[in-house]
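Q: For reference, the structure I am asking about is given below.
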Amino acid sequence: MVLNKLININKAGYVVWYGVLLYFSYLMLLITLQYIPARLNVAFLLTKEDVTGMLHYRIAFFAHVYTGMFVLLTGMLQFPAYVRTRFPILHKWSGRVYAFLIIVITGPAGFIMGIYGNGGWVSRSAFCLLAVLWIAFTLRAVLAARARRFMMHKAWMYRSYALTLSAISLRFWKWLFVLLFQPRPMDVYHVVSWLGWVGNLLVAELIIYYSFGKARRPKLDRSGVQPGRPVVPQ
């Protein structure tokens, strides 16, 4: 009875979590639609008039924006056990799309945007480091999957998707800081440019530690000896 209740609570938590993700993905879609068709006189680009004249920046910006939604959604399909077990082909191919976009398009485009980010070197270094780690973590996940080291693959995917979700968390923290403290715009940008992804990564590391760390640590019997190992006299 208690086990059934825990299972039901766990399922409900997953439903709520993915419901929240879908809602914020919908909000991201609304932001993306502002840039279709491609134009320079809307939303965020109004603050980037000093760099929108550069062709490479425009290519990077629109490549990043247009692929971002696909990264969010394909990444979301990597974690539910139901998808992995019932629809393994969907899991595999959505993962390939996710990894390809980050490593080849969205991540490099994000790095170029980071070089010209608002907020000076504090924010620019945060965004550039975010892009580098995003590509590196995703590549590590791909290599682990090819080596059939699936526990390691899952851990790196948690890290990768934590950075993917920085697109959402950055905007959330910005909204919250402005609501509570009403600071100067650049002060907010300095904080959220780091908090938006470092906070996510810390949560991912906690999930990895408590879900995978225990599985990797050897279990001890009551005497403190790992089962199956002989006791060596001291």
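The values are calculated or read from the model by the stated rules, or taken from the named source; none is laboratory data. Every value quoted in this text rests on a predicted model; they were computed, and no experiment measured them. Cβ atoms come from the backbone with ideal geometry, glycine included; neighbour counts cover every protein chain shown. Remember, those area values only see protein heavy atoms, side chains included, never the ligands or the DNA or RNA. Shrake-Rupley method; radii C 1.70, N 1.55, O 1.52, S 1.80 Å.
Residue-by-condition table, conditions (1) closer than 18 Å to Y161 by Cβ; (2) among the β-branched types (V, I, T); (3) assigned to a helix (DSSP H, G or I); (4) at pLDDT below 80:
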site: N4; (1), (2), (3), (4): no, no, yes, yes
site: A12; (1), (2), (3), (4): no, no, yes, yes
site: Y18; (1), (2), (3), (4): yes, no, yes, yes
site: M28; (1), (2), (3), (4): yes, no, yes, no
site: I31; (1), (2), (3), (4): no, yes, yes, no
site: P37; (1), (2), (3), (4): no, no, no, no
site: N41; (1), (2), (3), (4): no, no, no, no
site: L45; (1), (2), (3), (4): no, no, yes, no
site: D50; (1), (2), (3), (4): no, no, no, no
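Q: Let me ask something else. Counting just the residues of region 28-37 that are of a type in the set (A, V, I, L, M) and exposed (fewer than 12 other Cβ atoms within 10 Å of the Cβ), which one comes out farthest from S169 (Cα to Cα)?
A: I36
Q: Would you mind telling me which numbered condition in (1) over 17 Å from the mean Cα position of the chain (by Cα); (2) free of Cβ contacts under 8 Å to residues at least 12 places away in the same chain; (3) closer than 23 Å to L206 by Cβ A136 fails?
A: That leaves (1) as the condition not met.
Q: Filter region 127-163 for residues that are of a type in the set (K, R) and under 17 Å from T106 (Cα atoms) and give the result.
A: Matches in region 127-163: R140, R159.
Q: Something else now. When only residues in region 104-113 that are out of contact with any Ser or Thr (no Cβ under 7 Å at 6 or more places or on another chain) and of a type in the set (A, V, I, L, M, F, W, C) count, which is least open to solvent (accessible area, probe 1.4 Å)?
A: Only one residue tops the list, namely A109.
Q: Select, from A167, A162, the only residue that is hydrophobic (A, V, I, L, M, F, W, C), assigned to a helix (DSSP H, G or I), modelled with pLDDT of 95 or more and within 18 Å of the chain's Cα centre (by Cα).
A: A162
Q: Among the residues of region 117-146, count how many are farther than 21 Å from V71 by Cβ and open to solvent by 60 Å² or more (accessible area, probe 1.4 Å).
A: Residues flagged as farther than 21 Å from V71 by Cβ and open to solvent by 60 Å² or more (accessible area, probe 1.4 Å) within region 117-146 amount to 2.
Q: Contact list please: Cβ distance under 6 Å, first residue in region 24-45 and within 21 Å of L72 (Cα to Cα) and in contact (Cβ under 8 Å) with a residue 40 or more places away in the chain, second residue assigned to a helix (DSSP H, G or I) and hydrophobic (A, V, I, L, M, F, W, C), pairs at least six apart or on different chains.
A: Once the first residue is within 21 Å of L72 (Cα to Cα) and in contact (Cβ under 8 Å) with a residue 40 or more places away in the chain and sits in region 24-45, its partners that are assigned to a helix (DSSP H, G or I) and hydrophobic (A, V, I, L, M, F, W, C) give F24/I168; S25/L72; L29/M69.
Q: Do we find that V178 is in contact (Cβ under 8 Å) with a residue 24 or more places away in the chain, farther than 26 Å from Q78 by Cβ and surrounded by fewer than 21 Cβ atoms within 10 Å (Cβ to Cβ) in this structure?
A: Answer is no for this residue.
Q: Also, quick follow-up: Considering region 85-103 alone, what residues qualify as being open to solvent by 80 Å² or more (accessible area, probe 1.4 Å) and part of a helix (DSSP H, G or I)?
A: Passing the criteria: T85, R86, I89, L90, K92, W93, R96, F100.
Q: Are there any pairs with C-beta distances below 7 angstrom linking a residue in region 181-198 that is over 21 Å from A162 (Cβ atoms) and free of Cβ contacts under 8 Å to residues at least 24 places away in the same chain to a residue that is among the aliphatic types (A, V, I, L, M) and in a helix (DSSP H, G or I), with the two at least 6 apart or on different chains, and if so which?
A: Partner pairs satisfying both residue conditions: V188/V178.
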